[in-house]
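Notes for the one structure printed next.
The values are calculated or read from the model by the stated rules, or taken from the named source; none is laboratory data. Computed from a predicted structure; not experimentally measured. Neighbour counts run over all protein chains shown; Cβ positions are idealised from the backbone, glycine included.
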2 protein chains.
Amino acid sequence: MGKEIVLAADLGGTNLRMAAIDCQGEILYRTRRETPRGECADEIVEAIVESANECRENCADFQIKVISAAVPGTVNIKDGVIITAPNLRALNDFGMVAALENELGVKAVLENDANAAAVGENWCGASRGFKDSICITLGTGVGGGIIIDGKILRGADGMAGEIGHICVEPFGAACRCGSRGCVEQYSSASAIVRIAKELEAQYPKSILKNNTQLTAYQVFQAGKDGDKLALEVFRQMGFYLGVALSSLINVLNPQVIVIGGGASAGWELFIPQMQETIRQRAFGGLSERGKIVRGELGDDAGILGTARLAFDSLA
Amino acid sequence: MGKEIVLAADLGGTNLRMAAIDCQGEILYRTRRETPRGECADEIVEAIVESANECRENCADFQIKVISAAVPGTVNIKDGVIITAPNLRALNDFGMVAALENELGVKAVLENDANAAAVGENWCGASRGFKDSICITLGTGVGGGIIIDGKILRGADGMAGEIGHICVEPFGAACRCGSRGCVEQYSSASAIVRIAKELEAQYPKSILKNNTQLTAYQVFQAGKDGDKLALEVFRQMGFYLGVALSSLINVLNPQVIVIGGGASAGWELFIPQMQETIRQRAFGGLSERGKIVRGELGDDAGILGTARLAFDSLA
């Protein structure tokens with residue numbers, strides 16, 4: 001038998017990515033397809049199975065020990081059940097581990113996607129070598145994974161790490177979680193667009209005005225070109241992210257905070273205000289001692305993290 | 001030789017309390033004196049030594065194995081050094097463990113007072129039997145101790161758990177930590193007085209008006225008598241404590257949150273608004289599953305917690 005490997009899936013609202021990964025974190029084969037958007041969990045399972053079979057065919061020399069899946073939602077790790085998946089509602093209350101084990105005939109494990117990204121960056125990326133780290137994923141929303149003493153912090157119900165729902169403005173923008181003023185409403189890709197829309201009347205010369213299809217990427221491009229509206233949007237993004245991280249630093253005193261996700265592409269535009277805010281607000285000296293770094297693994301953080309958890313499950 | 005016991009000190013800004021405690025958490029003898037307020041750490045050490053000798057004389061049948069001290073400041077546990085003690089500046093950078101071991105001839109251990117209170121409530125009090133708990137101490141300031149998987153969360157520099165410095169109002173009241181809008185500025189005894197002063201012009205009929213020596217206890221008494229200014233102060237205290245706890249619940253997903261400290265005496269006046277705020281704001285379902293309870297040990301939480309840590313240090 002060949003070397004032992006795992007199949008690691010990162011199931012996003014848009015794409016399903018899968019890779020065959022060895023115990024060094026080397027990606028031996030990878031594939032991607034669209035995530036089925038239907039009402040039925042079986043279609044999603046089928047897509048994962050197809051990806052897995054494609055990986056198997058292309059890794060015939062290796063021994064596949066586990067399939068692991070990072071999913072965008074809350075997960076009951078012990079029972080292998082997805083509790084809620086706001087962007088893939090077909091998976092609410094779905095027993096994904098049983099379904100995959102049944103279809104593929106290998107052990108399966110499940111993890112929340114933000115936790116998986118934190119483990120990935122800790123295994124092969126920006127927080128390598130640190131035992132206390134936090135990973136924040138700035139995407140459509142704001143996700144978080146907390147690693148304490150080398151282990152994911154899960155909390156009583158497996159729902160810890162919801163960093164995107166730290167309140168930074170108590171009477172602020174309504175959040176999809178039911179609260180108001182969550183940092184997700186100020187420092188995510190969707191927040192960038194919302195804030196730009198809200199402020200555009202104050203910036204009559206902005207090239208972003210009256211764009212009904214505005215994207216976070218367009219705001220970023222405008223910011224790089226010096227557009228004042230875009231720069232103010234990223235300043236606010238950085239300020240509120242700094243407020244949330246200051247609270248988090250005071251509570252958790254991490255060694256390192258990794259910032260990743262698609263909206264971290266705007267790094268150069270939001271990071272100065274974020275760092276200044278943390279310097280002013282985090283508790284005495286902690287802001288100097290804790291490092292804040294950019295994620296190194298990009299889109300691969302999730303599949304690498306879930307692969308690592310798959311290997312851990314064999315131990 | 002008699003039963004093994006420990007001496008546990010709780011060094012506050014005002015009082016130094018000490019007790020001889022056995023491994024069941026039974027207090028065999030206790031004493032209290034004023035904390036020396038001078039410039040010199042030696043005076044404080046001397047007061048602790050006097051208290052210890054008094055305990056020794058009254059517990060001659062027992063074998064004292066360790067002296068432990070809970071201190072109001074940040075602590076380097078490993079080296080036994082107090083890093084900063086804002087209310088007892090004589091102790092900044094002071095090697096308390098070495099001083100006590102030298103004077104008393106027994107092993108000494110040190111802990112932050114809020115962490116000690118969390119351990120005390122977890123050992124003999126309101127969070128007994130839970131492995132993931134948070135203890136919040138509402139006093140002159142707002143202290144916090146976080147226990148995860150049965151262990152105090154210390155963080156990279158031993159400074160984790162600063163729950164009082166979660167930001168709840170980004171452009172709010174200046175905090176002694178250098179930030180703005182920390183929950184300590186809204187939900188502590190000193191905050192109760194400040195907010196009452198700020199709002200009194202709006203309540204011409206309040207009995208609290210024009211009281212230059214106003215105390216939190218007077219605001220509490222007025223609230224119990226139905227004074228509208230006092231009730232509004234406690235409503236704000238509860239709201240902002242609820243905002244902070246919602247963020248904390250989303251991030252840590254604890255099994256139980258214990259609220260203690262002197263200002264928790266106002267429980268009946270601030271808890272309804274606090275609970276309503278958490279219900280509205282904490283992430284789906286977590287607010288229902290996590291319990292929020294009142295501390296059971298009162299002023300003894302700190303000495304019991306540091307006693308427990310003293311016994312743990314023998315293991």
Q. Among the residues of the stretch A:166-178 satisfying the criterion of being at pLDDT 95 or above and facing chain B (nearest Cβ under 7 Å), which is nearest to the chain's Cα centre (by Cα)?
A. A:166
Q.
Restricting to the stretch B:151-185, count the residues that are β-branched (Val, Ile, Thr) and either in a loop (DSSP other than H, G, I, E, B) or not assigned by TED's automatic domain parsing to the domain that holds residue B:257 (or both).
A. 3
Q. Checking residue B:118 against (1) within 14 Å of chain A (Cβ to nearest Cβ); (2) over 18 Å from residue B:311 (Cα atoms); (3) not polar (S, T, N, Q), which test does it fail?
A. (2)
Q.
Here's a check for you: in the stretch B:130-144, which residue that is in a loop (DSSP other than H, G, I, E, B) and over 22 Å from residue B:13 (Cα atoms) is nearest to the other protein chains (Cβ to nearest Cβ)?
A. B:132
Q: Return yes when residue B:147 is surrounded by 24 or more Cβ atoms within 10 Å (Cβ to Cβ), in a strand (DSSP E or B), more than 7 Å from every other protein chain (Cβ to nearest Cβ) and modelled with pLDDT of 95 or more and no when it is not.
A: yes
Q: Go over the candidates B:206, B:187 one by one and state the one that is among the hydroxyl-bearing types (Ser, Thr, Tyr), more than 8 Å from chain A (Cβ to nearest Cβ) and touching an Asp or Glu at 6+ places or on another chain (Cβ under 6 Å).
A: B:206
Q: Could you figure out which of (1) touching a residue at least 24 places away in the same chain (Cβ under 8 Å); (2) in a strand (DSSP E or B) isn't true of residue A:33?
A: (1)
Q | Subset of the stretch B:240-270 [among the hydroxyl-bearing types (Ser, Thr, Tyr) and buried (at least 24 other Cβ atoms within 10 Å of the Cβ)] | A | B:240, B:246, B:247
Q: Answer yes or no: is there a residue in the stretch B:13-30 that is away from chain A (no Cβ under 14 Å) and assigned to a helix (DSSP H, G or I).
A: no
(Q) Looking at residue A:160 and the list (1) more than 11 Å from every other protein chain (Cβ to nearest Cβ); (2) touching a helix residue (DSSP H, G or I) at 6+ places or on another chain (Cβ under 6 Å); (3) crowded, with 24+ Cβ neighbours inside 10 Å; (4) more than 24 Å from residue A:237 (Cβ to Cβ), which single condition is not satisfied? (A) (1)
Q | Residue count for the stretch B:57-72, restricted to those that are surrounded by fewer than 16 Cβ atoms within 10 Å (Cβ to Cβ) and either in contact with a Gly (Cβ under 7 Å, 6 or more places away or on another chain) or of a type outside the set (Asp, Glu) (or both) | A | 4
Q: Examine the stretch B:233-248 for a residue that is in a loop (DSSP other than H, G, I, E, B) and either touching a Ser or Thr at 6+ places or on another chain (Cβ under 8 Å) or touching a residue at least 24 places away in the same chain (Cβ under 8 Å) (or both), and state whether such a residue exists.
A: no
